[in-house]
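Take a look at the structure set out below.
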Amino acid sequence: MAHTHVAAELIEAFNDSDWERGRSLCTPDVTYDETGTGRRVEGVDAYTELLKGWRAVVPDLRGTVRRSLADENTVVQDILFEGTHTGPMPMPAGTVEPTGNQLSLQGTVWITFQGDKVNAVHNQLDLFTLLQQMDALPAG
């Protein structure tokens with residue numbers, strides 16, 4: 001399967017909360033980095049738990065790949081994430097309580113492959129917009 005198809009399958013597995021399918025697309029030592037939050041996890045178990053954490057905060061969260069680019073070992077996806085903030089979001093300064101607000105934010109995800117498996121995911125998330133939409137920051 002071409003890398004672009006595997007990358008698209010990874011976001012679909014997340015959208016479907018199909019954790020086993022997502023795990024099967026990754027190497028056991030996959031890493032995940034999140035620009036904005038500074039979070040980094042290593043290993044497929046930690047990565048899966050992090051994704052489940054996002055699902056707990058925004059249970060209906062869906063990512064829509066709007067475009068993607070690829071080279072030999074990397075796929076870059078421009079993703080629109082949308083959902084409803086109905087779960088508490090733990091933050092370093094405290095928990096952002098559920099607002100019921102609709103969320104819509106951009107993310108750019110860089111996926112690096114080792115062979116035909118995902119080995120690294122770097123999510124450049126628009127954290128500022130996310131926090132504004134969760135009423136955790138004043139609107140600009």
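Observations
- Exclusive hit being closer than 24 Å to residue 92 by Cβ, at pLDDT 95 or above and under 12 Å from the mean Cα position of the chain (by Cα), set 33, 45: 33
Conditions tested, residue by residue: (1) touching a Gly at 6+ places or on another chain (Cβ under 9 Å); (2) touching a residue at least 40 places away in the same chain (Cβ under 8 Å); (3) under 17 Å from residue 17 (Cβ atoms).
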| residue | (1), (2), (3) |
| --- | --- |
| 43 | no, no, no |
| 60 | yes, no, yes |
| 76 | no, no, no |
| 108 | no, no, no |
| 119 | no, yes, no |
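- Figure legend. Inter-residue proximity from region 2-30: first residues closer than 14 Å to residue 64 by Cβ, second residues among the small types (Gly, Ala, Ser) and assigned to a helix (DSSP H, G or I), beta-carbon distance below 8 Å, spacing 6+ or different chains. Indicated pairs: 10/22; 14/22.
- Unmet requirement for residue 55, which otherwise passes all of (1) free of Cβ contacts under 8 Å to residues at least 24 places away in the same chain; (2) surrounded by 13 or more Cβ atoms within 10 Å (Cβ to Cβ); (3) not hydroxyl-bearing (Ser, Thr, Tyr): (1)
- Residue satisfying all of: in region 13-43; among the charged types (D, E, K, R) and outside any strand (DSSP E or B); surrounded by the most Cβ atoms within 10 Å (Cβ to Cβ) among these: 23
- Entirely in region 78-140, the strands (runs of 3 or more DSSP E) that have 1 or more residues that are surrounded by 15 or more Cβ atoms within 10 Å (Cβ to Cβ) and under 15 Å from the mean Cα position of the chain (by Cα): 89-91, 102-114, 117-125
- Residue check, residue 69 exposed (fewer than 13 other Cβ atoms within 10 Å of the Cβ) and either of a type in the set (A, V, I, L, M, F, W, C) or outside any strand (DSSP E or B) (or both): yes
The values are calculated or read from the model by the stated rules, or taken from the named source; none is laboratory data. Note that this is a predicted model, so its numbers are computed, not measured. Here Cβ is always computed from backbone atoms with ideal geometry, including for glycine, and neighbour counts include all displayed protein chains.
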